[in-house]
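> Attaching a single structure in structure tokens format; questions to follow.
The values are calculated or read from the model by the stated rules, or taken from the named source; none is laboratory data. If you're wondering where the values come from, they're calculated on a predicted model, not measured in any experiment. Cβ: placed from backbone, ideal geometry, glycine included. Neighbour counts: every protein chain shown. Note: accessible area is taken over every heavy atom of the protein model, side chains too, but ligands, DNA and RNA are not part of it. Shrake-Rupley method; radii C 1.70, N 1.55, O 1.52, S 1.80 Å.
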Amino acid sequence: MVKGPWEIDFTITSGKQKIKDINLAIENEKLTVTKVSVSSIGVAIEGKTDDTNNALPKYIPEVKVIAADGKEIILNCSSTSTTKNGFQWLYNLDTKSNYAFLGDMDIKSVSIDGTTFDMK
């Protein structure tokens, strides 16, 4: 159990991971998503660009998580950062920019710009 300044108690559990090469070509940016990770505290999406300067992508996709019971949650990106091999988007905010803890939801799939990936 973790206590945070959010006045919400939550339990961090091990997450699910899928390694996929998903090519996105948006607004003159060529991006490849290499890994999607889901945990109780959000969704992390790792990828790389074709930019030789390792610049962070300007584009941020729409992400939705779909639970086994059919419930859908749209998540907003809270940060974009560099990684050893590219970049990472972290999605853990709801549509009102509040933290959206997924807790122990049974996440069935993640949708990135309308393309759905099974997480089971």
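> Sort out which residues of region 73-98 are modelled with pLDDT of 90 or more and not polar (S, T, N, Q), and write them in order of number.
Selection gives 73, 74, 75, 77, 87, 89, 90, 91, 93, 94, 96.
> Restricting region 93-116 to residues that are without any contact (Cβ under 8 Å) to a residue 60 or more places away in the chain and open to solvent by less than 20 Å² (accessible area, probe 1.4 Å), which is nearest to residue 71 (Cα to Cα)?
For region 93-116, the residue satisfying everything is 109.
> Further, regarding this structure: Return the total of residues in region 60-83 being over 15 Å from residue 44 (Cα atoms) and either open to solvent by 50 Å² or more (accessible area, probe 1.4 Å) or within 10 Å of the chain's Cα centre (by Cα) (or both).
Matching residues across region 60-83 total 4.
> If a residue has to be more than 17 Å from residue 59 (Cβ to Cβ), touching a strand residue (DSSP E or B) at 6+ places or on another chain (Cβ under 9 Å) and not charged (D, E, K, R) to count, how many in region 84-120 make the cut?
The total comes to 17.
> Follow-up. Select from region 54-76 the residues that are in contact with a strand residue (DSSP E or B) (Cβ under 8 Å, 6 or more places away or on another chain) and small (Gly, Ala, Ser) and write down the one among them that is nearest to residue 111 (Cα to Cα).
Here the answer is 67.
> Right, here's the next one. Any chance you could count how many residues in region 30-45 are open to solvent by 40 Å² or more (accessible area, probe 1.4 Å) and modelled with pLDDT of 90 or more?
Residues in region 30-45 being open to solvent by 40 Å² or more (accessible area, probe 1.4 Å) and modelled with pLDDT of 90 or more: 0 in total.
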